[in-house]
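The values are calculated or read from the model by the stated rules, or taken from the named source; none is laboratory data. What you see is a predicted model, and the numbers here were worked out from it, not measured in a lab. Neighbour counts are summed over all protein chains in view; Cβ atoms, including those assigned to glycine, are modelled from backbone coordinates with ideal geometry.
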Ligand code: NDP
């Protein structure tokens with residue numbers, strides 16, 4: 001422990017990765033400080049994963065109420081959404097989580113500074129005009145929504161604002177084709193908003209298995225989302241009672257709200273990195289080596305700000321690995337292969353391993369097993385939702401190299417299968433596993449005939 005500095009570790013940003021690094025380092029007896037100027041818990045807790053999932057739950061109740069009739073219930077009266085109640089109850093829950101984060105930091109012994117930190121040099125940080133020195137600095141400032149500059153872009157909102165709207169729009173346009181766009185299109189549609197999803201490309205969720213992302217698109221259309229592919233917004237004008245959105249094919253549409261979900265960029269502006277040897281990439285993200293060290297040997301970075309994989313559990317794992325590297329036995333590692341991930345669109349999509357397209361490129365000789373069926377809830381419930389599953393197997397080794405699911409509980413199911421794939425399970429292992437009956441998940445261990 002160096003006494004030359006005020007702290008062993010100064011963490012900038014109290015999001016998922018920063019808090020984890022600060023807590024674990026402090027628990028190892030290190031003198032740790034962490035600075036945050038916005039909210040404890042970062043994007044995930046405040047304007048991301050957590051409030052989003054609460055909204056997803058809310059948006060699914062109308063379908064459940066409808067299905068309940070087939071199961072003998074007579075829901076009486078008209079179901080009306082009280083948006084302010086949903087929004088404020090969500091905010092209360094987030095405040096509760098902020099409190100938990102505060103306690104976690106306090107109990108770990110790390111010192112929390114409420115203010116914006118600026119890097120003054122390789123070992124110096126200032127917060128609220130006070131200068132602190134640290135042997136090591138960790139930048140974990142996360143990301144921020146990116147909105148392209150175009151005529152009328154000042155009229156649009158990002159996902160940040162969606163969690164605090166004064167009122168729910170009657171009509172909304174969501175621009176983008178990635179995680180956030182499809183998730184919010186599903187939420188808005190489920191909450192009763194007439195929803196248009198506008199994407200400039202040919203296929204939503206283009207980084208996912210094509211067959212599965214097409215199933216998501218079909219499912220979203222069936223649930224009532226109006227999807228416009230190959231469509232670009234040229235400009236947006238404010239009208240008397242809303243917004244007019246003009247498209248490159250000279251068509252136009254009016255809406256009360258336009259959400260741009262067009263990616264997130266690393267939050268490195270005004271961080272003082274020019275006072276160091278760090279040269280950020282053109283998108284603002286910080287380059288690092290295999291140990292999360294930047295071009296400045298005393299400064300490390302992890303999470304969304306390094307723009308490797310923008311996922312909360314990845315940032316947390318990166319924090320564990322970094323603390324082990326700095327203060328442990330250096331045995332922890334992070335494997336970026338086979339990261340399970342889910343998109344909480346409706347229908348839900350979850351996946352681990354390679355898409356069919358990527359598997360074909362990498363392995364060439366593969367077998368693909370597919371299953372598409374109506375889940376039990378829909379039989380009496382009278383809905384049209386389906387479940388689609390897909391296993392991709394490397395023929396030479398029999399290893400399952402990709403697993404994909406669209407439909408209810410996809411995230412919950414794929415999390416378990418992620419372990420099997422991480423452990424190198426073969427198709428024979430899947431076949432030897434007894435199913436849980438009746439469940440949708442059992443289909444993953446009963447697919448016997450390859451589809452192709
Ligand atoms: P994504 O990168 O997933 O998607 C961005 C979308 O915006 C793409 O469809 C892209 O189109 C489009 N786009 C980019 N620039 C423009 C532009 N100038 N005009 C029109 N469209 C544009 O970003 P998101 O914002 O959806 O999410 C950010 C990240 O956050 C995700 O990648 C994910 O890592 C994480 N996240 C994870 C969630 C989860 O785990 N469930 C949930 C939400 C976010 P194109 O494809 O043509 O480039």
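Can you say whether residue 306 is within 16 Å of the ligand (Cβ to nearest atom), farther than 24 Å from residue 413 by Cβ, over 14 Å from the mean Cα position of the chain (by Cα) and buried (at least 16 other Cβ atoms within 10 Å of the Cβ), as far as the supplied structure shows? Answer is yes for this residue.
Within segment 35-75, the set of residues being more than 16 Å from the ligand (Cβ to nearest atom), closer than 22 Å to residue 190 by Cβ, in a loop (DSSP other than H, G, I, E, B) and in contact (Cβ under 8 Å) with a residue 24 or more places away in the chain comprises just one member, 71. Selection of segment 363-407 for residues being touching a helix residue (DSSP H, G or I) at 6+ places or on another chain (Cβ under 7 Å) and in a loop (DSSP other than H, G, I, E, B) yields 382, 383, 384, 385, 398. Considering segment 309-346, the residues that are within 16 Å of the ligand (Cβ to nearest atom) and in a helix (DSSP H, G or I) include one that is surrounded by the most Cβ atoms within 10 Å (Cβ to Cβ), namely 315. Only residues that are under 21 Å from residue 171 (Cα atoms) and in contact (Cβ under 8 Å) with a residue 24 or more places away in the chain were counted across segment 243-272, and they come to 13.
If you go through segment 76-86 one residue at a time, how many are outside any loop (DSSP other than H, G, I, E, B) and touching a helix residue (DSSP H, G or I) at 6+ places or on another chain (Cβ under 7 Å)?
So the count comes out to 1.
Conditions (1) within 16 Å of the ligand (Cβ to nearest atom); (2) over 26 Å from residue 82 (Cα atoms); (3) at pLDDT below 95, marked per residue:
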| residue | (1), (2), (3) |
| --- | --- |
| 105 | no, yes, no |
| 125 | no, yes, no |
| 133 | no, yes, no |
| 139 | no, yes, no |
| 143 | yes, yes, no |
| 163 | yes, no, no |
| 175 | yes, no, no |
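Residues in segment 221-254 that are in contact with a helix residue (DSSP H, G or I) (Cβ under 7 Å, 6 or more places away or on another chain) and either assigned to a helix (DSSP H, G or I) or at pLDDT below 95 (or both): 223 only.
The requirement of being without any contact (Cβ under 8 Å) to a residue 40 or more places away in the chain, surrounded by 18 or more Cβ atoms within 10 Å (Cβ to Cβ) and not in a helix (DSSP H, G or I) is fulfilled somewhere in segment 418-440, by at least one residue.
Which one is nearest to the ligand (Cβ to nearest atom), of the residues in segment 255-276 that are assigned to a loop (DSSP other than H, G, I, E, B) and touching a helix residue (DSSP H, G or I) at 6+ places or on another chain (Cβ under 7 Å)?
Narrowing segment 255-276 to residues assigned to a loop (DSSP other than H, G, I, E, B): 256, 261-263, 267-272, 276.
Filter once more, so that each one left must be touching a helix residue (DSSP H, G or I) at 6+ places or on another chain (Cβ under 7 Å): 261, 267-268.
Details: 261: 5, 267: 13, 268: 16 Å.
Step by step, filter segment 255-276, then rank; the result is 261.
Report yes if residue 110 is in contact with a helix residue (DSSP H, G or I) (Cβ under 6 Å, 6 or more places away or on another chain), in contact (Cβ under 8 Å) with a residue 40 or more places away in the chain, closer than 27 Å to residue 308 by Cβ and surrounded by 20 or more Cβ atoms within 10 Å (Cβ to Cβ), otherwise no. Against the criterion (in contact with a helix residue (DSSP H, G or I) (Cβ under 6 Å, 6 or more places away or on another chain), in contact (Cβ under 8 Å) with a residue 40 or more places away in the chain, closer than 27 Å to residue 308 by Cβ and surrounded by 20 or more Cβ atoms within 10 Å (Cβ to Cβ)), residue 110 qualifies. In this structure, does residue 239 turn out to be away from the ligand (no atom under 14 Å from the Cβ), closer than 20 Å to residue 171 by Cβ and free of Cβ contacts under 8 Å to residues at least 24 places away in the same chain? It is true that residue 239 is away from the ligand (no atom under 14 Å from the Cβ), closer than 20 Å to residue 171 by Cβ and free of Cβ contacts under 8 Å to residues at least 24 places away in the same chain.
The residue list 182, 125 contains one member that is outside any loop (DSSP other than H, G, I, E, B) and over 25 Å from residue 237 (Cα atoms), which is 125.
Is it the case that some residue within segment 193-204 is assigned to a helix (DSSP H, G or I), surrounded by 23 or more Cβ atoms within 10 Å (Cβ to Cβ), more than 9 Å from the ligand (Cβ to nearest atom) and modelled with pLDDT of 95 or more?
So far as segment 193-204 goes, no, none of its residues is assigned to a helix (DSSP H, G or I), surrounded by 23 or more Cβ atoms within 10 Å (Cβ to Cβ), more than 9 Å from the ligand (Cβ to nearest atom) and modelled with pLDDT of 95 or more.
Among the residues here, residue 286 does not qualify as away from the ligand (no atom under 11 Å from the Cβ) and part of a strand (DSSP E or B). Filtered by the rule that a residue be farther than 18 Å from residue 349 by Cβ and touching a strand residue (DSSP E or B) at 6+ places or on another chain (Cβ under 6 Å), segment 196-209 gives 196, 198.
When residue 207 is tested against (1) within 15 Å of the ligand (Cβ to nearest atom); (2) part of a helix (DSSP H, G or I); (3) surrounded by fewer than 17 Cβ atoms within 10 Å (Cβ to Cβ), only condition (2) is not met.
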